[in-house]
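Note sheet for the following structure.
The values are calculated or read from the model by the stated rules, or taken from the named source; none is laboratory data. Remember, it's a predicted structure, so these values are computed and weren't measured experimentally. Neighbour counts run over all protein chains shown; Cβ positions are idealised from the backbone, glycine included.
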Amino acid sequence: MARGRKLRVGILTASDSAYRGERTDESGPLIASVLEKAGAEIVHQKVLPDEEAALALEMKYMADMLGADVVLTTGGTGLSPRDRTPEATRAVIDREVPGIAEALRAAGMSKTPHAMLSRGVAGIRGSTLIVNLPGSPRAVHEQLEVLLPALPHAVEILQGKAVDCARLRNPH
C-alpha cells in the first residue's frame, strides 16, 4: 500500500452494544481485514461506547502515542443522540479534510439515499489522518473501496514525503 513501508493504521469502533458484548463488532474486524490484505499494519484496534470524551482520548492515543498514520473509526456517525464520533473527531483534529467525507458520502449515495444521513468527518491531527466510517459492514466495505486508493498519497503528503501537486499549481 504505502511506498517504502507499511501504512500504520489504528481502528476504533464506537458502539454501546458491542462494547457491552450484546453484539459482535463486525465493522472493525472488516476494516482490519481489508487493510491488512492491502498491505497495512494494524497497530491498535479498540471498541468503545458512544462516549465523546473516551473516543477523543483513544484517537489522540492512536495518533500521538502509537504514531498511527491513519485512524479509521466506525460507527457513531448517524443521527442518534448517542452518535458522537464526528464531535469527538473534531475535538482532536487540527484541520478538516472535507473532500474525503464528501467523496465517501457521494459514493454511498450511489447505493442508498440513506448515505446523506452520515455525519462522518475526516481530518488531520499532526501527521495522522483520521476518517470516520459508518457502522454498517456493507457501508464500510463500500467506503473503503473509495478511500484506499488515496491513503498512501495522503500519508506521504502529511509526512512530507510527497509533492502536493495542488501546491505546485498555486504556491500561495
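Odds and ends about this structure:
- Selection count where residues are within 13 Å of the chain's Cα centre (by Cα) and either over 24 Å from ARG82 (Cα atoms) or part of a loop (DSSP other than H, G, I, E, B) (or both), scope the range 104-123: 3
For (1) of a type in the set (Ser, Thr, Tyr); (2) closer than 23 Å to ILE157 by Cα; (3) surrounded by fewer than 22 Cβ atoms within 10 Å (Cβ to Cβ), each residue gets a yes or a no:
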| residue | (1), (2), (3) |
| --- | --- |
| LYS6 | no, yes, yes |
| LEU30 | no, no, yes |
| LEU35 | no, yes, no |
| LEU55 | no, no, no |
| MET59 | no, yes, no |
| LEU72 | no, yes, no |
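- For the range 131-157, a residue qualifies if it is out of contact with any Leu (no Cβ under 7 Å at 6 or more places or on another chain) and over 20 Å from SER33 (Cβ atoms), and the qualifying residues are HIS153, GLU156, ILE157.
- All told, GLY78 meets the bar of being within 16 Å of VAL140 (Cβ to Cβ), out of contact with any strand residue (DSSP E or B) (no Cβ under 9 Å at 6 or more places or on another chain) and crowded, with 17+ Cβ neighbours inside 10 Å.
- Only listed residue being under 24 Å from SER15 (Cα atoms), of a type in the set (Gly, Ala, Ser) and at pLDDT 95 or above, chosen from ALA107, ALA101, ALA115: ALA101
- Number of residues in the range 61-84 that are part of a loop (DSSP other than H, G, I, E, B) and either among the aliphatic types (A, V, I, L, M) or over 13 Å from SER127 (Cα atoms) (or both) equals 12.
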